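To start, the structure itself, in C-alpha cells.
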Number of protein chains: 2
Amino acid sequence: MHDNAISKRIDRMSNIKVALIQQSCQSNVAQNLHKSIAMIHQAASDGAQLVVLQELHRTYYFCQSENQKCFDLAEPIPGPTTHVFSSLAAELNIVIVASIFERRTAGIYHNTAVVLDTDGSIAGIYRKMHIPDDPDYYEKYYFTPGDTGFKPVQTSLGKIGILICWDQWFPEAARLLALAGAQILVCPTAIGWDGDDSVDEQQRQLFAWQTMQRSHAIANAIPLISANRTGFEKNPNKEDRGILFWGHSFIVGEQGETLAQASQDEEELLTGNVNFKRCEQVRQQWPFLRDRRIDAYKELEKRYCE
Amino acid sequence: MHDNAISKRIDRMSNIKVALIQQSCQSNVAQNLHKSIAMIHQAASDGAQLVVLQELHRTYYFCQSENQKCFDLAEPIPGPTTHVFSSLAAELNIVIVASIFERRTAGIYHNTAVVLDTDGSIAGIYRKMHIPDDPDYYEKYYFTPGDTGFKPVQTSLGKIGILICWDQWFPEAARLLALAGAQILVCPTAIGWDGDDSVDEQQRQLFAWQTMQRSHAIANAIPLISANRTGFEKNPNKEDRGILFWGHSFIVGEQGETLAQASQDEEELLTGNVNFKRCEQVRQQWPFLRDRRIDAYKELEKRYCE
C-alpha cells in the first residue's frame, strides 16, 4: 500500500460521524420508544455511526416525586429495552448509547447507560456514579450510586466514556475517563428550569451547564456529545408546576468548540464529525496530560481539607 | 443589634471589590514596575480591596528563549519587589497579589505569587506547580516545579487560591484549592498567540482559555480573576517573530458568568464586585461538593490507567 493510501485509510478510521437525539417524553412508554427508534433510523440514513440517546428516554422524568410505584418502570439488563436497541444497532450497523432505569435486583436500581455495538452485542454498561438530590430531582430515592467506576466502553468505533447528567459537573469523572483511554465523551442528560427562577438565572444555569461540559473536552482534548431532554413535564404533586427541560443538546470538538447545537424546544436529530487524529494533535500542542502533578493530587480523595 | 443591622454588617463583610491590571512590558524593569504602581494607586482610589497583577509583570516574558543570563532577573522573597508592593499594600490598605521570578537559592528558581496583606505583611506565597514547555514558552528551563501544593493564602479579606498560567488548565488544581477553603481564585497569566496560527485557531485557543477558567468557578462555586499580559514581545532568537499576548483578562462570578472583560490590546484596570454569601447560596443550589465520589477518585494520582 502506498504511503498515501495508508494515510487515507487511517484518516477514514479516525473520522467518525456522530449523532444525538433530543426528544420530549410522555407517560406512554411505547410512544417514547417508537420516537427514539424512528429518529435512530433517520440518524443511520444520514450516515451516523454512533447515536446517543438522552437520559431515561423510555419514560417521563419520574424523579419529580418519590413514588414507590415508579420502581415498576425499572427493567433488567439485558431486558426488553436493550433487546430492541441491540437489534437496531445490528440492523443499522451502528453503535447506540441507550439509557436504562435498571433493576439489578430487588432493592437495587441504577441509572445506567448501555452501549450496543454494531453487531448487536452489549459492549458495556456504565452506572451513574454521582446521584443528585434537590427539589424536583429526587434521584437519591431511586438510584443506587453506581459501582462501575469511570471506565470507558470499548466498541468497534473506539473507547466511549459516559457521564450521566449530574456526573457532568464533576471534572474528576471526565479526567478519569480520559486517563482510562476514552476517545470521546457522551452525556445522556435530563436538565431543565424551575419556573420560579428569573430569566437571568435560567440563562446563567444553561451557560454554566454548557461551559462545564466544554471544559471536559478542553482539559482532556476529546470531543463531547451531550443529549438533553426537551419539553415540559408536569409535577404529579404540584398544581401547575413541573420542569421545563431546556434542550440545547450539543456536540463540541476537542477544543470545546461547537460542532452542532440544538434548540431549546424542538425534538431534534443533531449530527457532527469528530476526528480522533486531530485529538492527538491537540494533545501534542497543549500537553496537559504530560504535566499533571500526580504527586500533589492526593487530597482529591478527601471530602474537605480544612 | 437588630437582625436587619446584623444582616447588613454580614453583607458588607461578604462583598469585596476586586481589581486586576492588564499591562504590556518592556525590557526596562523600572518602567514596568512604575506602570504597575500607578495602576494600583488608581485601583485603590476606585475602591478596590484586592488587586491582582499579571504573571511576571516586572519583566518582559524572558521564557521565549533559554538564556542563562535571564536568571539574573530572579530575586529573593522577601526582596526588592516584595518590599515595594508591601509598602504599597499597607499605604493603600489593600491586598495585592504580585508575581515574582523567585531565586530560592543557587540553582532553584520558581515562578511564585506573593500575597501582600493590608498591613504590608507577606500573607503567603504560592509556587507555580504545573510548568509548561512548548515552543516559545521554555519554562521548564527556568522554573523548578513548585512544592507549596495547592493551599490558599489566608488574608484579612478571606482565603485566596492562586493558579499561575499553565496551572489554570488543570481542574485538579482548582478543586484542591476549593477543598482547602479558597473563597476566590486568582490567575496571574501570560498567554498569547503564535503568528503562524490561523485566525480560527487563535479564536479557539482564546475561547478554550476562558472556558476552562470559567469551569473552575462553576465546579467550585467561587469567583475567579484572570490577569493576562497584553502587547507584542519580540523573540530574541527569531527574526520578526514573537508572542502577541492576547489580553482579554476577565473576572467571573461563581456561576462562571462575566463580571468584567478587558480588550485584547489595551492596558487596562478592570474591577468587579464579588459576594462570598452568594457563593454559599450557589453551593446549596447545586451541591457538587456534597456528591463527589471520593471513594472512586484514586486513579487521579496516576499518569495513565490503561
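The values are calculated or read from the model by the stated rules, or taken from the named source; none is laboratory data. Not measured: the values here are computed from a predicted model. Here the Cβ is made from the backbone with ideal geometry for all residues, glycine too, and neighbour counts use every protein chain on show.
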Taking the conditions exactly as written (modelled with pLDDT of 95 or more, closer than 12 Å to A:Leu270 by Cα and either part of a loop (DSSP other than H, G, I, E, B) or out of contact with any Pro (no Cβ under 9 Å at 6 or more places or on another chain) (or both)), does A:Ala38 satisfy them or not? no
For a quick check of your reading of the model, give me the residue pairs whose first member lies in the range B:95-124 and is over 16 Å from B:Tyr142 (Cβ atoms) and of a type in the set (Gly, Ala, Ser), whose second is part of a strand (DSSP E or B) and at pLDDT 95 or above, with beta-carbon atoms closer than 6 Å and at least 6 apart or on different chains. B:Ala98/B:Leu53; B:Ala98/B:Val114; B:Ala123/B:Val115; B:Ala123/B:Val153; B:Gly124/B:Val115; B:Gly124/B:Val153
Quick test for you: out of B:Ala208, B:Ala182, pick the one residue that is touching a Gly at 6+ places or on another chain (Cβ under 7 Å), farther than 21 Å from B:Leu289 by Cβ and among the hydrophobic types (A, V, I, L, M, F, W, C). B:Ala208
Can you name every residue in the range B:60-92 that is touching an Asp or Glu at 6+ places or on another chain (Cβ under 7 Å) and part of a helix (DSSP H, G or I)? B:Cys63, B:Gln64, B:Thr81, B:Ala89, B:Ala90
How many of the residues in the range A:146-181 are under 28 Å from A:Gly107 (Cβ atoms), surrounded by fewer than 21 Cβ atoms within 10 Å (Cβ to Cβ) and more than 7 Å from every other protein chain (Cβ to nearest Cβ)? 3
If we scan the range B:180-201, do we find a residue that is over 16 Å from the mean Cα position of the chain (by Cα) and under 21 Å from B:Gly124 (Cα atoms)? yes
Going by what's in this entry, would A:Asp240 be described as without any contact (Cβ under 8 Å) to a residue 40 or more places away in the chain, at positive phi and not aromatic (Phe, Trp, Tyr)? yes
Any residue at all in the range B:166-187 that's out of contact with any helix residue (DSSP H, G or I) (no Cβ under 8 Å at 6 or more places or on another chain) and at pLDDT below 95? no
Given the conditions (1) at pLDDT 95 or above; (2) out of contact with any Asp or Glu (no Cβ under 6 Å at 6 or more places or on another chain), which single one is not true for B:Arg12? (1)
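Okay, residues lined up against (1) within 16 Å of the chain's Cα centre (by Cα); (2) at positive phi; (3) surrounded by fewer than 19 Cβ atoms within 10 Å (Cβ to Cβ):
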position	(1), (2), (3)
A:Gln213	yes, no, no
A:His216	yes, no, no
A:Leu244	no, no, yes
A:Thr258	no, no, yes
A:Gln261	yes, no, yes
Counting only residues in the range A:251-270 that are more than 7 Å from chain B (Cβ to nearest Cβ) and of a type in the set (D, E, K, R), the one nearest to A:Ile218 (Cα to Cα) is identified as A:Glu254
If a residue has to be charged (D, E, K, R) and under 22 Å from B:Ser36 (Cβ atoms) to count, how many in the range B:221-278 make the cut? 7
Selection from the range A:271-300 of residues that are in contact (Cβ under 8 Å) with a residue 40 or more places away in the chain and within 11 Å of chain B (Cβ to nearest Cβ): A:Val282, A:Trp286, A:Phe288, A:Leu289, A:Leu300
Considering only residues of the range A:81-140 that are under 16 Å from the mean Cα position of the chain (by Cα) and of a type in the set (Ser, Thr, Tyr), which is surrounded by the fewest Cβ atoms within 10 Å (Cβ to Cβ)? A:Thr112
